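**Student:** So that we are looking at the same thing, I have put the structure below in structure tokens.
Only the coordinates and a few stated rules stand behind these numbers; no lab work does. Only a predicted model underlies this, so the values are computations on that prediction, with no experimental measurement involved. Because the Cβ atoms are built from the backbone with ideal geometry, glycine has one as well, and the counts that use them run over all protein chains shown.
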Amino acid sequence: MNEDNVSRALRDIDRQRRIERERRRRQIKRQLTVVIVIMIVFFSLAGAAGYILFIKPAIEKGRTEKEAAVQTEEYQSIGERVSEDAAEPDSDKTGTATDASVYANESEQTVVDMASEEAAAPEVRDFDIEMTFIGDCCMASDLENRSEGSMLWSEENLPSTYFFEKVNQHFMDDDLTVANCENVFSDSQGVLRDKGEDGGFWFKSPARYAGIFKDGGIDAVSICNNHTLDYGKDALEDTGEALDAAGVDWGLRDKIIYYEKEGYRIAIVCVAYYNFNEVYDAAAYLKEAEENSDFQVIYFHGGKEYEPAPENWKVSACRYLVDEGADLVIGAHPHCLQRIEEYGGAEIVYSLGNFCFGGNNYPKTNKTIIYKCYLTIHEEDGVQTLSAKSREIIPCYVYTGDRNNWQPAPIEDKAEAEQVVAFMNGETETP
């Protein structure tokens, strides 16, 4: 089964999800209709009972009290006329009283004006959102290899915090950290997907190891890539369940990741496209995300492996998604870094490269980055707008031993780190 077959299989899964969502939507609609009818009947009866028991008696009582008040007013008026005839008013005292009354009225007006100004002043505030993105994380060994030093051996013999402990200071205090998960988590045997005569790699890890992401400070992962169906559809479903159990959100095509802070909502659309024609499906999911969020991120899997420059079709596809509304485009799959481009007011990171990658003992490149996106949200009278956007590149090693030790770490050498940043900015040809 090649990448086209994977895409068709994923579309079948999408179709089944849409049918199930439509069935649930109709069922909920019927239930809501019944509830609304019951509520209308209830409130109608309650209103009638309330009128008879409370409102009508109150009206009658008010009418009686009003008649009594009129009589009292007439008696007081007669008494006032008698008092006026008995004495002349003191002109000096009258003037003093009038001045005091004017002063009191002016003071009351000042208080009212101040209260009005305070009420009219708009409620204004600003807050920040910090998002972190890392590249390919394969938390498994090819064909479940458990030899000493392999990824699976390390997962079984080392603490779950080991794998990201040198970089998690960049994950723990942000708002959202997203990675690409390039393996399945399943305890079932599964059926190896046919990858043709050229073969390939198959990555599966026990379900309990999905918790490594959570323990490492990673909040969400994309599982939309060329290893999603390595062990069949059942193993893919197991992966979603394992991530759910670990408290890690996940995205797959129309299963969009949403994050909300202070009412501002971000969507992470996780897709894969290996040629330009497949980008139209991604655009459809992007439109769905636009209807439910304020800021849209495309996290895609695609492109030629170990190629430091993005192919022309991939550049066109990513730009097309920006034209369709994407605010940020993040790429993975080539297993190496590719440059960042500014286009249409958005940034496109063509490839983040490997990060914690269990699929290779000696990766061809040992450079990667942590990409941070900072947003400042301005809110005035309940209306929120994006007022500022910036980014940070943190150069890292994929591994820090003589061979892959499954433990990425920041590059501390200043010149070496600056070389990575220059490459990502398109200033040099190699990182």
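**Student:** How long are the three semi-axes of the equivalent ellipsoid of segment 124-424, in whole Å, if each is the root of 5 times an eigenvalue of the C-alpha gyration tensor, listed from largest down?
**Tutor:** 29, 21, 20
**Student:** Give me the compactness ratio for segment 272-317, meaning the Cα radius of gyration over 2.2 N^0.38 Å.
**Tutor:** Numbers: Rg = 12.1 Å, N = 46, 2.2 N^0.38 = 9.4 Å.
Ratio of Cα Rg to 2.2 N^0.38 Å: 1.28.
**Student:** First check a/c for segment 328-382, with a ≥ b ≥ c the square roots of the eigenvalues of its C-alpha gyration tensor; if it is under 1.5, answer rounded, and if not, answer prolate when a/b is larger than b/c or oblate otherwise.
**Tutor:** Prolate shape, in that a/c is at least 1.5 and a/b is the bigger ratio.
**Student:** Starting from the Cα coordinates of segment 298-402, work out the convex hull volume and express it per residue in Å³. Walk me through the numbers before you get to the answer.
**Tutor:** Working: hull volume 11.8 nm³, N = 105.
Hull volume over Cα atoms, normalised by residue count, gives 112 Å³.
**Student:** Here is a follow-up. What number results when the radius of gyration of segment 204-294, computed over Cα atoms, is divided by 2.2 N^0.38 Å?
**Tutor:** 1.16
**Student:** If you average the C-alpha positions of segment 366-424 and of segment 256-335 separately, how far apart do those two centres end up, in angstrom?
**Tutor:** First find each Cα centre; the distance between them is then 19 Å.
**Student:** Which Rg and Dmax, in Å, describe the Cα atoms of segment 342-431?
**Tutor:** Looking at segment 342-431, its Cα Rg and Dmax stand at 16.7, 57 Å.
**Student:** Write out the GluC sites (Glu not before Pro) in segment 116-209 meeting two conditions: DSSP loop, and at most 12 other Cβ atoms within 10 Å of their Cβ.
**Tutor:** Numbers: sites: E117, E118, E123, E130, E144, E148, E155, E156, E165, E182, E197; in loops: E123, E144, E148, E165, E182, E197.
Within segment 116-209, the qualifying GluC sites (Glu not before Pro) (loop, at most 12 other Cβ atoms within 10 Å) are E123, E148, E197.
**Student:** Relative contact order for segment 227-308: what is it in percent, counting Cα pairs under 8 Å that are at least 6 residues apart?
**Tutor:** Relative contact order for segment 227-308 comes out at 24 percent.
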